[in-house]
1. For region 24-98, state which trypsin sites (Lys or Arg not before Pro) are in a DSSP loop and have at most 13 other beta carbons lying within 10 Å of their beta carbon.
2. Suppose each label sits 7 Å from its Cα in the direction of the beta carbon; what would the Arg70-Glu25 distance come out to in nanometres?
3. Can you give the extra length, in nm with one decimal, that the chain gains between Thr99 and Met81 once fully stretched, where that is 0.36 nm per residue apart less the Cα-Cα distance?
4. Counting other Cβ atoms within 10 Å, which GluC sites (Glu not before Pro) in region 14-105 have at most 13 and lie in a DSSP loop?
Amino acid sequence: MFNPEFLTSDSEAISTNSLIQYLQEQSPDVLQRVARSASSDIQDIIRHNVQGLLGVLPGEHFDVKITANRDHLAGLLASAMMTGYFLRQMEQRMELEATLFPEADADPGELKL
């Protein structure tokens, strides 16, 4: 789930970021609602992507600690967000194709209108 606490940083670099400023103006309820709107398929793909970026070791056998500076963590967040937006658009395209062409067994990459 989305943690709005990461928005409370006083870093000068973050204070000039218009997206962070916009997020800070939103209520926690709005942020939680948007985060929950992602399908479980999208959440699974993003989780797998982030685990792949960080490395996956089973927690029951290892005491895993990850250290990152603010810039690298911001890059990871941006990557996860962009992946989420891309996946949501592809999910919407898949749903639209299924609605427009319910009988189509053709290549999903070919959208003919």
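No lab work stands behind these numbers, since they all come straight from the coordinates. For clarity, every value in this text was computed on a predicted model and none was experimentally measured. FYI the Cβ positions are ideal-geometry reconstructions off the backbone, even for glycines, and counts take in every protein chain you see.
1. Answer by residue number: Lys65.
2. 2.2
3. My answer for the length gained is 3.8 nm.
4. In loop regions of region 14-105 (DSSP not H, G, I, E or B), the sparsely surrounded GluC sites (Glu not before Pro) are Glu60, Glu103.
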